[in-house]
Amino acid sequence: DQQVKQNSPSLSVQEGRISILNCDYTNSMFDYFLWYKKYPAEGPTFLISISSIKDKNEDGRFTVFLNKSAKHLSLHIVPSQPGDSAVYFCAAVMEYGNKLVFGAGTILRVKS
Amino acid sequence: DGGITQSPKYLFRKEGQNVTLSCEQNLNHDAMYWYRQDPGQGLRLIYYSQIVNDFQKGDIAEGYSVSREKKESFPLTVTSAQKNPTAFYLCASSPQTGVGYTFGSGTRLTVV
């Protein structure tokens, strides 16, 4: 049973445009969400996070939006750059939880 | 610089052999984790440890074993019982369970 779902295996975007990566979750006990970025043959690196008490968190070109009622979050990258091409993982954790639960990942390709 | 080191980067194993993947961290993190990445399946948790001398099974622990004799080290043994061991293995650590993971650069294991 996948508790965190990234339904789009891949996304292709033109350089300079917006990239929107989506993530859905089923467990209402999750209260903290994170996005990780991963290049081939490397470990994931933390990108941005959001607590369930917020609906938006922004860090430079990256913004994460959380819609608790819909159990949905999204990562916006504006403007997209070729170096953003990577796999993006959505992850969730419960308060005082013991482990992150990851989605399957979305491959982002930014074309120049 | 603090970090988490996985070795080796590439590992080849003959069928029927056990093999141990190394994971060392100098971040003074309490918790450590092992994940496996397969195409289209994201990151799946194998084992995790919240404190020294204690560890719990993750979602896909069958065919794997771990130890946590030191805070800095969390080696993973892939046994001959693991049916499909060829994968990319990632180790991670966090200062408290479920928050702020730091990942290693991964080990690519191939069974020949």
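Quick look at the values:
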{"quantity": "Accessible-area value, B:ASP30, 1.4 Å probe, nucleic acids and ligands omitted, Å²", "calculated": "70"}
{"quantity": "Summed buried accessible surface, chains B and A, 1.4 Å probe, nearest 100 Å²", "calculated": "1500"}
{"quantity": "Heavy-atom accessible area per residue - the stretch B:6-57, 1.4 Å, Å²", "calculated": "53"}
{"quantity": "Two-site label geometry, A:LYS68 and B:GLN96: point separation in nm, points 7 Å out along Cα→Cβ", "calculated": "2.0"}
{"quantity": "Percent accessible area from carbon and sulfur atoms, chain A, protein chains only, probe 1.4 Å", "calculated": "49"}
{"quantity": "Peptide-level mean, for B:101-110, of C-beta atoms on other protein chains within 10 Å", "calculated": "4"}
{"quantity": "3J(HN,Hα) from dihedral phi, the stretch B:57-73, Karplus parametrisation 6.51/-1.76/1.60, rounded to Hz, x for glycine, proline", "calculated": "6, x, 7, 9, 7, 4, x, 10, 9, 9, 9, 9, 7, 10, 4, 7, 10"}
{"quantity": "Relative contact order computed over chain B (Cα-Cα under 8 Å; 6+ residues apart), in percent", "calculated": "35"}
{"quantity": "Average other protein chain Cβ within 10 Å of Cβ, residues B:27-40", "calculated": "2"}
{"quantity": "Amide H contacts of B:VAL111 (H built 1.01 Å from N, under 5 Å, at least 5 apart or other chain)", "calculated": "B:ARG13, B:THR86"}
{"quantity": "Candidates per trypsin sites (Lys or Arg not before Pro) in the stretch B:23-99, loop by DSSP, up to 12 other Cβ within 10 Å", "calculated": "B:LYS83"}
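The values are calculated or read from the model by the stated rules, or taken from the named source; none is laboratory data. Small disclaimer: the values here were computed from a predicted structure and weren't measured. Glycine also receives a Cβ, built like all others from the backbone with ideal geometry; neighbour counts cover every protein chain displayed. Remember, those area values only see protein heavy atoms, side chains included, never the ligands or the DNA or RNA. Shrake-Rupley method; radii C 1.70, N 1.55, O 1.52, S 1.80 Å.
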